[in-house]
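To start, the structure under review is shown below, and the notes come after it.
The values are calculated or read from the model by the stated rules, or taken from the named source; none is laboratory data. These figures come from a predicted structure and were not determined experimentally. Here the Cβ is made from the backbone with ideal geometry for all residues, glycine too, and neighbour counts use every protein chain on show. Just so you know, the surface numbers come from the protein's heavy atoms only, side chains and all, with ligands and any DNA or RNA stripped out. Shrake-Rupley method; radii C 1.70, N 1.55, O 1.52, S 1.80 Å.
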Amino acid sequence: MERIPILRMGSFLLVTIQVDLYDRLALTLESDLVQAISKTGAQGVLIDISAVSIVDSFMGRIIGNIASMARLLDAYTVVVGMQPAVAITLIELGLTLPGVQTALNVEKGMQLLQSRIQVTASVEEAPNEDDDAGSPE
Amino acid sequence: MLALLRSKKPQILERWIQHQLTLDTLRDDLISNDELREQSEGIVNLIVDQISEQTLALDPYALEPILEYLSGIAISRARHGFSPRETSFYLFSLKNAMLDMLAESAGSDIAALYDMTRSLGRFFDELSTSTFETFIKGREEVILRQTDEIAEISTPVIRVWDQILAMPLIGTLDSARTQVVMENLLQAIVDTGSEIAILDISGVPAVDSLVAQHLIKTVSATRLMGAECIISGIRPEIAQTVVQLGIDLSQVITKATLASALKSAFSMLKLEVRKTQSQKPFLI
């Protein structure tokens, strides 16, 4: 059966969709991706859809689902390289993908993910620093 | 009867021209008398040569050459600025000229004259209707072309800075125009790899819920592409109507002027514009 490859890059997962997604393929990708996030403990998922020229409401929902599922597993999802026609179609279908981060291309998506993860990392570290500073030795 | 018409061709033309000169729909400001005579001669020649049992029975194949020729004339008259009424009267006066000619020559054969009058009347009705149609078509073509031109020139995408695009919108936004705006803007974002797009609506006369809907759609589509969209140029009246209509624009970054939109775009891109200390002369 056809599958979409999921590549690991450091703490991120990179998914490049090179073919037009049909429903089965999209569902397979969804479950594969969730499995991969939980197995690798990835902090970010980057989905490149620059080669996708056709979407429908189902596809839009799958992308939204992937983002929500990844969020539950503590990973950020960034969708990059959406074609103008695809964006217009999704908007006309009423799918604004509120939970999904987007970027223009893979490079900017990577930057976005990295800054996201740095922000969370510094927020997590911040209380400790405060504790250190606040407690007199 | 048909043979009679053919033999009287020069007289018909003469009479028609006389008719036209007496009409109040004659527009000597739009067309010179020589041109008018030439045009009329062409029509009389064609109609009198082509007229036959088939054309009078309104056989479409037989009518085609006449209609084609008249369409050309109707379109050229439409472009010259004749009104439809003037063009119809132009043709009707030819009918009158032909009928006069027949009445004079037919003599006592009233039944034949009546038949001929009826079929000529039908024939000219057909011609006039079809010229009317082409006339309107000619006008519509002009309107369509202008609409296209307006749609094209009214949605320019300007690159104001590296990674910042601006799109000033001028005129009322309807669904068709929003589509063009959206497509142009998204394509420009892809082409230039810009992160921020500024939609300036200071040239949009009024914002109702439909226009607001269109704007929100454009902003959402830009976000899906991975860029941020700022709406600027919101006049006080527009702010009033938007709130009074209960439109929620809280998801959209809005600024009063293009300048403040550009300023916030700079801060999003972590850019800074400041005065230089040195007093170097400004060279052009």
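Observations on the structure shown:
- Ranking B:Phe123, B:Phe92, B:Phe132 from most to least accessible surface, computed with a 1.4 Å probe over the protein chains only, gives B:Phe132, B:Phe92, B:Phe123.
- Charge dipole of the protein assembly as shown about the Cα centre (unit charges at C-beta), most positive-ward option of B:Met182, B:Ile230, B:Ala212: B:Ile230
- Compactness check for the range B:158-268: Cα Rg over 2.2 N^0.38 Å is 0.98.
- When the listed pairs B:Lys217/B:Lys263; B:Lys8/B:Lys137; B:Lys95/B:Lys137; A:Lys39/B:Lys270; B:Lys217/B:Lys255 are checked against a 27 Å cut-off, the alpha-carbon distance exceeds it for B:Lys8/B:Lys137; A:Lys39/B:Lys270.
- Only Lys, Arg, Asp and Glu carry charge here, each on its Cβ (+1 for the first two, -1 for the last two); on that basis chain B has a dipole of about 1460 debye about its Cα centre.
- For B:Ser260, the solvent-accessible surface computed with a 1.4 Å probe is close to 40 Å², ligands and nucleic acids excluded.
- Distance between the pseudo-spin-label points of B:Leu46 and B:Asn33 (7 Å out from Cα toward the beta carbon): 2.5 nm.
- Label separation (B:Ile143 vs A:Asp23): 4.5 nm, computed from points 7 Å beyond Cα along the C-beta direction.
- Amide H contacts of B:Ser202 (H built 1.01 Å from N, in plane; Pro and chain starts excluded): B:Leu169 sit under 5 Å, all sequence-distant by 5 or more or on other chains.
- Shielding of peptide B:188-196 by partners, expressed as the average count of other chain Cβ atoms within 10 Å per residue Cβ, is 2.
- The Rg/Rh ratio for chain B, using Cα coordinates for both the radius of gyration and the Kirkwood hydrodynamic radius, is 1.31.
- Computed from Cα atoms, the angle from the helix B:110-153 axis to the main principal axis of chain B rounds to 20 degrees.
- B:Glu152 paired with B:Met268, simple spin-label distance in nm, labels 7 Å along Cα-to-beta-carbon: 3.1
- Share, in percent, of DSSP beta bridges within the protein assembly as shown that are antiparallel, nearest 5: 20
- Extension gain, B:Ala259 back to B:Asn184 (0.36 nm per residue minus Cα-Cα distance, nm): 24.8 nm
- Value of Rg/Rh across the protein assembly as shown [Cα atoms, Kirkwood radius]: 1.28
- Here the range B:125-284 carries DSSP beta bridges of which approximately 20% are antiparallel, counting only pairs with both residues inside.
- Expected-Rg normalisation [2.2 N^0.38 Å, Cα atoms] applied to the range B:2-151: 1.12
- At the residue level, A:Glu30 shows approximately 30 square angstrom of accessible surface with a 1.4 angstrom probe and all protein chains present.
- Among beta bridges that DSSP assigns inside chain A, antiparallel share in %, nearest 5: 25
- For the pair B and A, the buried accessible area comes to roughly 1400 Å² in total, with a 1.4 Å probe and the value rounded to the nearest 100.
- Cut-off under 5 Å, modelled amide H: who pairs with A:Thr77 long-range: A:Val45, A:Gln101
- For B:Ser278 and A:Ser68, the FRET efficiency from 1/(1 + (r/R0)^6), where r spans their Cβ atoms and R0 equals 56 Å, is about 0.55.
- In order through the range B:201-216: 3J(HN,Hα) via Karplus (6.51 cos²θ - 1.76 cosθ + 1.60), integer Hz, x for Gly, Pro: 10, 5, x, 8, x, 8, 10, 10, 5, 5, 4, 4, 4, 4, 5, 4
- 0 to 90° range, to nearest 10: angle between helix B:175-192 axis and chain B longest Cα axis: 50
- Each Lys and Arg adds +1 at its Cβ and each Asp and Glu adds -1 at its Cβ; summed about the Cα centre, the range B:2-151 shows a dipole of about 180 debye.
- A:Lys39-B:Gln251 FRET efficiency (beta carbon distance; Förster radius 35 Å; 0.05 resolution): 0.45
- Within the range B:27-61: backbone nitrogen closer than 12 Å to the B:Lys9 label point (7 Å, Cα to C-beta): B:41-51
- Rolling a 1.4 Å probe over the protein heavy atoms of the protein assembly as shown, with every protein chain left in place, gives an accessible area that is 55 percent carbon and sulfur.
- Cβ-derived FRET efficiency at R0 30 Å, B:Arg118 paired with B:Arg85, nearest 0.05: 0.80
- Pairs of alpha carbons in the range A:6-134 whose separation is greater than 16 Å (percent): 63
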